[in-house]
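These notes concern the structure reproduced below.
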Amino acid sequence: MVDWIFTVIDRLGPPGVGLLIAAENLVPPIPSEMILPLAGFRARTGAMHPVLVWTAATLGALAGALVLYGVGAWLGYDRLHRLSHRRWFILTSPDDLDRGRRLFDRHGSWIVALSRCVPILRSVVSLPAGVARMPLVRFSVLTSVGAGVWNAVFIGAGWLLADNWRKVDQYTGPAGTVIAALLVAGLAGLTVRRIRARRAQQAAASR
């Protein structure tokens, strides 16, 4: 993955960083924790200007988030609630969806901003924001601020650690594997939880 990220960045420059970060929002196993330091490392060599890298990464994060926001707005709460009753729909249960909506109604602004610093969640949070029809301007500003801070930290880390890149490179591969494994484990946990909830509903209905 490191070689692939470097190839995209070297060929496309800052726009390549933006495209990778946009893709990371849609396909979480592509970790920004790996993309951004690599971009900072390249900026340290003089291949790109760090401000342009940061701007492209932040715009990419916003673009990816807006796509998922649109999906959430298109689905809407009623449609998503109907889907949650389907046996094959494993992402959420009706009760979890209701609790999530109440939580988002109370703390939506903080959740959108802070979730940009949490892997996986920074992708998922755009969906309930769209479902809740959070004002688009507010969503865009909160996403940009949260993503901007996150991007600056990791691009800066890549810049500062450039002289020790050989050591850093030893950990990027295992880190990517761990992130992918956590994603699979989380999905498996959601599946098991959804199946158990379905069985409990069936048992209660049969009494």
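Since every read-out is calculated from the coordinates, none of them should be taken as a lab result. Just so it is clear, the model here is predicted, and its values are computed rather than measured. Heads up, the Cβs are rebuilt from the backbone with ideal geometry, glycines too, and the neighbour counts pull from every protein chain shown.
Structural remarks
- Taking 7 Å steps out from each Cα toward its Cβ at R82 and L121 produces label points 3.2 nm apart.
- When S123, S206 are arranged by Cβ crowding within 10 Å, least crowded first, meaning fewest neighbours, the order is S206, S123.
- Highest average packing first - 15-21, 129-135, Cβ atoms within 10 Å: 15-21, 129-135
- Where labels lie 7 Å past Cα in the beta-carbon direction, separation of H49 and S206 in nm: 6.8 nm
- Exposure proxy shown here: for V51, V67, the number of other Cβ atoms within 10 Å sets the order, fewest to most, as V51, V67.
- Residue exposure proxy: E24, E33, ordered by other Cβ atoms within 10 angstrom of their Cβ from fewest to most, comes out as E33, E24.
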